[in-house]
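The values are calculated or read from the model by the stated rules, or taken from the named source; none is laboratory data. Just so it is clear, the model here is predicted, and its values are computed rather than measured. Every residue, glycine as well, gets a Cβ built from its backbone with ideal geometry; the counts of neighbours run over all protein chains shown.
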Amino acid sequence: MRRRWLTGCLLALIAMLALTATATAAAGGWATVEMDKPVTRTEVDQPLTLDFTLLQHGMTPADWTTTYFEATNTDTGETLRVDAEAGAEAGRWTVTVAFPSAGNWDWAIQTEELAVEDTFPALEVVGDAAAVSNTSAVTPAELDAAITGATETLTKQMSSMTGEIDILQKQVANLTGERDMLQKQIGNLEAAQANQPEATGTAWWVAALAGALSALAVVAGGGLLAMRRGLIRNRELSPATA
């Protein structure tokens with residue numbers, strides 16, 4: 001008796017499920033989605049709004065369903081679901097989503113009442129949130145240590161350049177003294193030649209030596225000026241220390 005009762009209950013349950021499936025099929029349990037515009041690329045954490053039309057049987061606008069956006073990151077397996085909102089016109093829907101990570105996302109528009117089989121190209125989401133996280137993970141102590149190290153290195157370079165400038169200044173002073181002495185000697189020779197009518201002019205080697213020393217003094221002075229400008233620029237570019 002009990003077995004017959006259980007058998008009857010099971011048959012009744014099967015009949016109810018069959019009737020439910022038949023009713024769903026009779027109601028036309030499928031729909032199509034028409035996107036207003038195609039989209040294939042977006043950025044991490046940037047709102048992306050999608051507008052679309054939901055058509056039951058591909059013809060009748062449907063705005064009575066529970067409609068949502070779902071997506072899966074094919075690189076990480078991360079999933080995303082956002083409910084869509086019905087628009088002012090029948091069958092019109094809109095949904096705004098923001099992807100939390102970069103990668104390729106497979107996505108679709110689905111409803112809980114109607115089966116939607118439309119597929120769309122994967123979305124390429126760009127932007128490396130991990131790089132931003134790594135940058136923000138730098139501690140103040142690490143930043144201070146990096147600035148201090150750079151400052152010490154720059155200070156050593158400036159000190160070395162200062163020593164080189166001092167040496168160059170001494171060399172320029174010596175060359176200037178030698179030039180002045182040579183000019184006096186040339187003046188003495190010219191004065192002596194002026195008292196000798198047969199003299200035809202200053203000896204060529206004297207003039208050549210004077211020109212060489214003058215050129216050397218000019219080059220040394222230019223080098224000193226360039227090194228001073230480099231030192232001043234390094235001081236302006238050096239980071240301020242607390």
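Observations, loosely collected:
- Filtered residue count, segment 31-42, keeping only those that are under 37 Å from the mean Cα position of the chain (by Cα), under 23 Å from GLU112 (Cβ atoms) and among the polar types (S, T, N, Q): 0
- When residues of segment 80-99 are limited to those that are of a type in the set (A, V, I, L, M) and in a loop (DSSP other than H, G, I, E, B), the one nearest to VAL116 (Cα to Cα): ALA84
- Filtered by the rule that a residue be loosely packed, with under 14 Cβ neighbours inside 10 Å and not in a loop (DSSP other than H, G, I, E, B), segment 28-42 gives GLU34, MET35, ARG41.
- Close contacts from segment 146-174, counting a first residue that is assigned by TED's automatic domain parsing to the domain that holds GLY223 and a second that is surrounded by fewer than 12 Cβ atoms within 10 Å (Cβ to Cβ), with Cβ to Cβ under 7 Å and a gap of 6+ residues or different chains, come to ILE147/PRO239; ALA150/PRO239; THR151/PRO239; THR151/THR241; MET158/ARG235.
- Across segment 132-140, a minimum of one residue is classified as in a helix (DSSP H, G or I), farther than 30 Å from ASN73 by Cα and at pLDDT below 80.
- Residue match in segment 56-70 (condition: free of Cβ contacts under 8 Å to residues at least 40 places away in the same chain, under 19 Å from VAL126 (Cα atoms) and either out of contact with any helix residue (DSSP H, G or I) (no Cβ under 7 Å at 6 or more places or on another chain) or of a type outside the set (Ser, Thr, Tyr) (or both)): no
Okay, residues lined up against (1) at pLDDT 95 or above; (2) under 18 Å from LEU114 (Cα atoms); (3) basic (Lys, Arg):
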residue	(1), (2), (3)
GLY28	no, yes, no
VAL44	yes, no, no
LEU48	yes, no, no
ALA62	yes, yes, no
GLU78	yes, no, no
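- Number of residues in segment 65-76 that are at pLDDT below 95 and surrounded by 14 or more Cβ atoms within 10 Å (Cβ to Cβ): the value is 0.
- Failed item in (1) part of a strand (DSSP E or B); (2) farther than 14 Å from GLU34 by Cα; (3) aromatic (Phe, Trp, Tyr), with PHE69 passing the rest: (2)
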